[in-house]
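Values in this text are rule-based calculations from the coordinates and carry no lab data. Nothing here was measured: the structure is a model prediction, and the numbers come from that model. Cβ placement follows ideal geometry from the backbone for every residue including glycine, while neighbour counts extend to all protein chains displayed.
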Amino acid sequence: MRIGELARLAGVSTRAVRYYEQQGLISSRRSANGYREYDEADLRLVTEIRSLVTVGFTLRDARPFVECLRAGHETGGSCPESVAVYRRKLGEIDEQIRALLDRRAEVAAQLAEACPGCTLTREDPR
């Protein structure tokens, strides 16, 4: 398949596909007319990368998942290196949650000081 089809099927832009290739995460073959050609394995890699980037992973984080798939594993997250990235990312998210909770408590304290009779409401941001 050509780059446009790969991008469409994976839900990314052609620019993203070229960038993933530039970063060494995927590679294309060239047809006789010079067009980039990809196969189903490339689609799987790009889909994995997109999925990881969507939830906050960097392309550097995605590398072990791509390597795991290239090594023939069923999923990109089934290799020890990928599991280590998952664990590190969860630690980062937990730290961000703690920091946000601390900030929220500080803002709530400032509100209580500025407006002693005000009640705090907890709104669901979704």
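Filter the range 34-59 down to the residues that are over 10 Å from the mean Cα position of the chain (by Cα) and either loosely packed, with under 11 Cβ neighbours inside 10 Å or assigned to a helix (DSSP H, G or I) (or both) and list them by number.
Applying the first criterion (over 10 Å from the mean Cα position of the chain (by Cα)) to the range 34-59 yields 34-47.
Once the filter is applied, which keeps residues that are over 10 Å from the mean Cα position of the chain (by Cα) and either loosely packed, with under 11 Cβ neighbours inside 10 Å or assigned to a helix (DSSP H, G or I) (or both), the range 34-59 yields Gly34, Glu40, Ala41, Asp42, Leu43, Arg44, Leu45, Val46, Thr47.
Taken as a whole, the condition of being of a type in the set (A, V, I, L, M), out of contact with any Ser or Thr (no Cβ under 9 Å at 6 or more places or on another chain) and closer than 23 Å to Met1 by Cα applies to Ala41.
Taking the stated definitions as given, is Gly77 small (Gly, Ala, Ser), out of contact with any strand residue (DSSP E or B) (no Cβ under 9 Å at 6 or more places or on another chain) and loosely packed, with under 13 Cβ neighbours inside 10 Å? So Gly77 fails the test. Checking each residue in the range 1-25 for being in contact (Cβ under 8 Å) with a residue 40 or more places away in the chain, assigned to a loop (DSSP other than H, G, I, E, B) and under 16 Å from the mean Cα position of the chain (by Cα) picks out only Leu25.
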